[in-house]
Amino acid sequence: MYIAVAKVIFDFYGNDELRQKTRVLHELTKDLHKVFNVSATQVEDFDDLERGVLGVSATAATAMAAKSVLKKALDHIDRTSPARVVMEETDIFGYE
């Protein structure tokens with residue numbers, strides 16, 4: 001079993017409403033789960049108006065499959081996110 005994980009940092013420049021940032025991130029996590037069957041949730045900076053951090057993970061039988069699913073999910077985030085993606089960090093863990 002392999003687990004591919006990513007930390008995605010967003011910049012919500014000029015945002016002045018915490019509820020709006022939270023709603024946008026929640027909708028994005030639901031969309032990622034529905035389209036790619038990955039787990040995603042906000043993991044840091046809950047009270048920061050202009051910064052959001054999502055953790056995304058995918059599991060698969062092979063490292064290549066896990067990496068592929070995560071890459072597709074990250075590409076989707078880059079294309080559809082209403083906030084600017086500042087940084088993406090990824091890693092893969094294997095368990096036998």
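The values are calculated or read from the model by the stated rules, or taken from the named source; none is laboratory data. This one's a predicted model, so the numbers in the text were calculated from it and none came from an experiment. So basically every Cβ, Gly included, is an ideal-geometry build from the backbone, and we count neighbours across all protein chains shown. What goes into the accessible areas is simple: the full protein's heavy atoms, side chains included, and nothing from ligands, DNA or RNA. Shrake-Rupley method; radii C 1.70, N 1.55, O 1.52, S 1.80 Å.
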- request: Taking the residues in region 39-50 that are surrounded by fewer than 17 Cβ atoms within 10 Å (Cβ to Cβ) and not hydroxyl-bearing (Ser, Thr, Tyr) as candidates, determine which candidate is nearest to the chain's Cα centre (by Cα).
  value: Val43
message: Please go through region 1-38 and give me each residue that is surrounded by 15 or more Cβ atoms within 10 Å (Cβ to Cβ) and part of a strand (DSSP E or B), ordered by number.
response: Tyr2, Ile3, Ala4, Val5, Ala6, Lys7, Val8, Ile9, Phe10
- prompt: Do we have any residue at all in region 26-49 that's farther than 27 Å from Tyr2 by Cβ and touching an Asp or Glu at 6+ places or on another chain (Cβ under 8 Å)?
  reply: yes
- request: Filter region 22-51 for residues that are without any contact (Cβ under 8 Å) to a residue 40 or more places away in the chain and under 12 Å from Ser81 (Cα atoms) and give the result.
  value: Leu25, His26, Glu27, Thr29
message: Just the residues that are touching a residue at least 24 places away in the same chain (Cβ under 8 Å), assigned to a helix (DSSP H, G or I) and not β-branched (Val, Ile, Thr), please, taken from region 59-70.
response: Ala63, Ala65, Ala66, Lys67, Leu70
task: Quick one: count up the residues across region 71-90 that are open to solvent by less than 80 Å² (accessible area, probe 1.4 Å) and either part of a helix (DSSP H, G or I) or within 21 Å of Tyr2 (Cβ to Cβ) (or both).
output: 7
field: Any hit, region 59-70, residues being within 12 Å of the chain's Cα centre (by Cα), closer than 17 Å to His26 by Cβ and either open to solvent by less than 80 Å² (accessible area, probe 1.4 Å) or not acidic (Asp, Glu) (or both)
entry: no
